[in-house]
Amino acid sequence: MPDWRGHHPGQHVDVRLTADNGYQAVRSYSLAAPARAHTIELGVQTAPGGEVSPYLNDALPEGAEVEVKGPLGSWFVWTPHDKGPLVLVAGGCGIVALMAMLRARRAAEPTNETCTLMCSVRKPEDLWYAGELAAPTGTETIRVLYTRQAPCGASRSVGRLTAEDLEGVLSSSEARCSICGPTGFVEHAADLLQYLGQPPDTIRTERFG
């Protein structure tokens, strides 16, 4: 990305592809990490029958040019300057935007504030960034919830995110909660947090689908 001016964790870009016949398609994708020089990183899940994601993942040749607009979005942004405990709740590939926050937190000065990342996936092979998540640092806590198939030895039964899952991570009403994932998951998680007494103005959501 020549002349990229940088971005904040939680922002996204619009990617536009143009076919030879002039047909255009635009899709939004979260930025997975702070920019490194002129390079940005996106996380793209292939949508069966989709127009854009299968092409980006399977057919886009190295060196091809695509149009990118951004960075976009400010409501969902978190930076290390934001104070208070951090609670990140991801549904499937919604972890991309939250991974940007986690990476930015790891790159900043150490802090005593806690950070909990809870990621809900169908089965173990659906967990993105598994290698990075396997090694929490400092005051981080990483929890993976499986909804259909859990690995051997898992302490939690398969199933949807519950109030019990979230109850133990809300150590303070000052916690900042960021939720990202499919619309149904995000609304369910936000409802659970409010049911547990989390103030609505401390909950930020980013949804898709």
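Residues in region 119-138 that are open to solvent by 60 Å² or more (accessible area, probe 1.4 Å) and small (G, A, S): G131, A134, G138. Among the residues making up region 143-174, those that are at pLDDT below 95, of a type outside the set (D, E, K, R) and under 23 Å from R105 (Cβ atoms) are L166, G168, V169, L170, S171, S172, S173. Restricted to region 1-99, the set of strands (runs of 3 or more DSSP E) holding at least 2 residues that are more than 23 Å from A175 (Cβ to Cβ), open to solvent by 30 Å² or more (accessible area, probe 1.4 Å) and in contact (Cβ under 8 Å) with a residue 24 or more places away in the chain comprises 12-18, 24-30, 67-72.
Could you pull out every one of the helices (runs of 4 or more DSSP H) wholly within region 100-195 that has 3 or more residues that are without any contact (Cβ under 8 Å) to a residue 24 or more places away in the chain?
On the way: elements: 130-133, 163-167, 183-195.
So the answer is 130-133, 183-195.
Mind listing just one residue for me: the one in region 175-191 that is within 17 Å of P85 (Cβ to Cβ), in contact with an Asp or Glu (Cβ under 8 Å, 6 or more places away or on another chain) and at pLDDT 95 or above and, of those, surrounded by the most Cβ atoms within 10 Å (Cβ to Cβ)? Applying the filter and picking the extreme gives I179. Among the conditions (1) in contact with a His (Cβ under 7 Å, 6 or more places away or on another chain); (2) crowded, with 17+ Cβ neighbours inside 10 Å; (3) of a type outside the set (A, V, I, L, M), the only one that E113 does not satisfy is (1).
Out of curiosity, is S28 of a type in the set (S, T, Y) and in contact with a Leu (Cβ under 9 Å, 6 or more places away or on another chain)? Against the criterion (of a type in the set (S, T, Y) and in contact with a Leu (Cβ under 9 Å, 6 or more places away or on another chain)), S28 qualifies.
The condition of being touching a helix residue (DSSP H, G or I) at 6+ places or on another chain (Cβ under 8 Å) and over 18 Å from R207 (Cα atoms) holds for only one of T79, T114, T39, that being T79.
Would you pick out the residues in region 139-161 that are of a type in the set (A, V, I, L, M, F, W, C) and surrounded by fewer than 13 Cβ atoms within 10 Å (Cβ to Cβ)? I'd like the intermediate steps shown before the answer.
Just the residues of region 139-161 that are of a type in the set (A, V, I, L, M, F, W, C), to begin with: 142, 144-145, 150, 152, 154, 158, 161.
Correct list: C152 only.
Answer yes or no as to whether G209 is more than 18 Å from G84 (Cβ to Cβ) and at pLDDT 95 or above. No: the conditions fail for G209.
How many of the residues in region 100-123 are over 23 Å from A154 (Cα atoms) and of a type outside the set (D, E)? Break it down into steps so the answer makes sense when it comes.
Filtering region 100-123 down to residues over 23 Å from A154 (Cα atoms) leaves 100-114.
Still in the list and also of a type outside the set (D, E): 100-108, 110-112, 114.
Qualifying residue count, region 100-123: 13.
The values are calculated or read from the model by the stated rules, or taken from the named source; none is laboratory data. Quick caveat, the model's predicted, so the values are computed rather than measured. Neighbour counts run over all protein chains shown; Cβ positions are idealised from the backbone, glycine included. Keep in mind that these areas ignore ligands, DNA and RNA; they rest on the heavy atoms of the full protein, side chains included. Shrake-Rupley method; radii C 1.70, N 1.55, O 1.52, S 1.80 Å.
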